[in-house]
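Colleague: My questions all concern the structure below.
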Amino acid sequence: MSLMSLDRLTVRRGGCPVVDAVSLQVEPGEVVGLIGPNGAGKTSLMRAALGLLPHEGHASLAKMVPAARAKHAAWLPQGREIAWPVSVETLVALGRVPHDARGGPADGEAIDRALKRMNLASFRNRTATQLSGGEQARVLLARALAQETPLLLADEPIAGLDPAHQIATMETFNMLAAEGRSVVVSLHDLGLAARFCTRLAMMQSGRLVAEGRPADVLSADRLATVFGITAWRQETEAGLMLQPLAQSGERR
Ligand SMILES: Nc1ncnc2c1ncn2[C@@H]1O[C@H](COP(=O)(O)OP(=O)(O)OP(=O)(O)O)[C@@H](O)[C@H]1O
């Protein structure tokens with residue numbers, strides 16, 4: 001059974017479709033990378049999919065009542081503002097609000113798992129607002145992980161993380177997929193998208209222009225016409241290795 005289903009999802013802003021009739025299914029065990037240049041519509045697509053933006057077409061999550069949706073899908077938005085000077089543990093515990101365990105052992109275990117997954121166990125008692133930008137980003141992702149939902153939607157979760165934590169975060173997404181959960185993640189790092197996503201959905205000007213295996217989606221032609229770049233690319237046993245090299249000037 002699909003964890004998320006979009007059928008001709010359309011979002012209009014100022015009369016223009018910024019998401020244009022996108023259809024996408026997400027099955028259990030997938031890490032779906034949403035890629036595309038700035039302004040392609042990635043954030044709008046995820047927000048509309050969650051019912052956070054007015055839209056046309058069908059979005060399965062948007063149809064759910066909020067209490068059920070919060071148990072089904074966690075959301076990590078692009079904005080990383082932490083408003084209150086609470087401890088890291090308190091902030092991560094907010095991820096348990098949709099569940100009914102009322103601070104019992106099940107909540108404690110979920111919080112521990114999320115802190116461990118984001119390598120934050122030693123930060124547990126630190127004040128969240130006093131952490132570095134990258135550390136705060138990891139805490140907010142831990143809060144989403146503590147929700148322990150079948151589906152996680154994350155908007156540029158590795159932006160601002162150091163290389164080790166970027167890789168660790170992508171590995172965490174792969175671990176969730178191995179457990180039968182799924183992640184939809186927007187990314188600008190095409191190299192990490194190629195290596196760690198099981199499937200890529202490429203957007204351009206609101207439209208889904210390609211979808212499938214990273215090695216198929218990230219063709220030299222699409223890198224030129226959608227992103228305006230050339231790249232070194234090689235298929236290996238570990239997946240597609242890709243390094244952007246230069247602007248190609250061919251972007252349409
Ligand atoms: N509140 C708004 N009002 C009008 N237009 C908007 C609004 N928010 C976004 N847009 C427009 O919608 C389009 C898609 O924006 P969106 O944020 O979904 O793109 P994105 O692919 O996530 O971009 P980025 O990679 O830069 O984060 C852009 O052209 C943007 O200018």
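Colleague: With the checklist (1) touching a Pro at 6+ places or on another chain (Cβ under 8 Å); (2) within 18 Å of Gly228 (Cα to Cα); (3) β-branched (Val, Ile, Thr) in hand, flag the one item Val209 doesn't pass.
Modeller: Among (1) touching a Pro at 6+ places or on another chain (Cβ under 8 Å); (2) within 18 Å of Gly228 (Cα to Cα); (3) β-branched (Val, Ile, Thr), Val209 violates only (1).
Colleague: Shifting gears a bit: Would you kindly identify the helices (runs of 4 or more DSSP H) lying entirely within segment 125-201 that contain at least 2 residues that are of a type in the set (Ser, Thr, Tyr)?
Modeller: Details: elements: 133-146, 163-178, 190-196.
By residue number, 163-178.
Colleague: What residue, among those in segment 239-252 that are outside any loop (DSSP other than H, G, I, E, B) and within 15 Å of Asn38 (Cβ to Cβ), is nearest to the chain's Cα centre (by Cα)?
Modeller: Pro244
Colleague: Just give me the residues in segment 12-66 being within 9 Å of the ligand (Cβ to nearest atom), more than 17 Å from the chain's Cα centre (by Cα) and surrounded by fewer than 14 Cβ atoms within 10 Å (Cβ to Cβ), in sequence order.
Modeller: The answer is Arg13, Gly14, Cys16.
Colleague: For segment 43-70: of the residues being in a helix (DSSP H, G or I) and among the small types (Gly, Ala, Ser), which is nearest to Gly95 (Cα to Cα)?
Modeller: Among them, the one singled out is Ala70.
Colleague: Quick check: anything in segment 92-103 under 30 Å from Asp7 (Cα atoms), within 19 Å of the chain's Cα centre (by Cα), part of a strand (DSSP E or B) and in contact (Cβ under 8 Å) with a residue 24 or more places away in the chain?
Modeller: So far as segment 92-103 goes, no, none of its residues is under 30 Å from Asp7 (Cα atoms), within 19 Å of the chain's Cα centre (by Cα), part of a strand (DSSP E or B) and in contact (Cβ under 8 Å) with a residue 24 or more places away in the chain.
Colleague: Still on this structure, I have one more. What single numbered condition from (1) over 25 Å from Leu94 (Cβ atoms); (2) buried (at least 21 other Cβ atoms within 10 Å of the Cβ); (3) more than 16 Å from the ligand (Cβ to nearest atom); (4) of a type outside the set (D, E, K, R) fails to hold for Ala144?
Modeller: For Ala144, the exception is condition (1).
Colleague: Checking Asp107 against (1) of a type in the set (Asp, Glu); (2) modelled with pLDDT under 95; (3) within 16 Å of the ligand (Cβ to nearest atom): exactly one of these is not met. Which one?
Modeller: Unmet condition: (3).
Colleague: I've got another one for you. Just to check your reading of the model, which residue among Gly108, Gly79 is under 17 Å from the mean Cα position of the chain (by Cα) and not aromatic (Phe, Trp, Tyr)?
Modeller: Going through Gly108, Gly79 in turn, the sole match is Gly79.
Colleague: Tell me the residue from Glu235, Glu211 that is surrounded by fewer than 19 Cβ atoms within 10 Å (Cβ to Cβ), acidic (Asp, Glu) and modelled with pLDDT under 95, please.
Modeller: Of Glu235, Glu211, the one residue that is surrounded by fewer than 19 Cβ atoms within 10 Å (Cβ to Cβ), acidic (Asp, Glu) and modelled with pLDDT under 95 is Glu235.
Colleague: Within segment 174-197, is there a residue that is away from the ligand (no atom under 16 Å from the Cβ), surrounded by 24 or more Cβ atoms within 10 Å (Cβ to Cβ), on the phi < 0 side of the Ramachandran plot and among the hydroxyl-bearing types (Ser, Thr, Tyr)?
Modeller: Yes, segment 174-197 contains a residue that is away from the ligand (no atom under 16 Å from the Cβ), surrounded by 24 or more Cβ atoms within 10 Å (Cβ to Cβ), on the phi < 0 side of the Ramachandran plot and among the hydroxyl-bearing types (Ser, Thr, Tyr).
Colleague: Here's another thing I want to ask about it. Within segment 208-226, work out how many residues are touching a helix residue (DSSP H, G or I) at 6+ places or on another chain (Cβ under 9 Å) and farther than 16 Å from Gly191 by Cα.
Modeller: 4
Colleague: I need the full set of residues from segment 204-238 which are assigned to a strand (DSSP E or B) and either within 20 Å of the chain's Cα centre (by Cα) or under 30 Å from Gly57 (Cα atoms) (or both), in order please.
Modeller: Gln204, Arg207, Leu208, Val209, Ala210, Glu211, Gly212
The values are calculated or read from the model by the stated rules, or taken from the named source; none is laboratory data. Given the structure is predicted, the values throughout are model-derived calculations rather than measurements. Cβ coordinates were reconstructed from backbone atoms using ideal geometry, including for glycine residues, and neighbour counts include every protein chain displayed.
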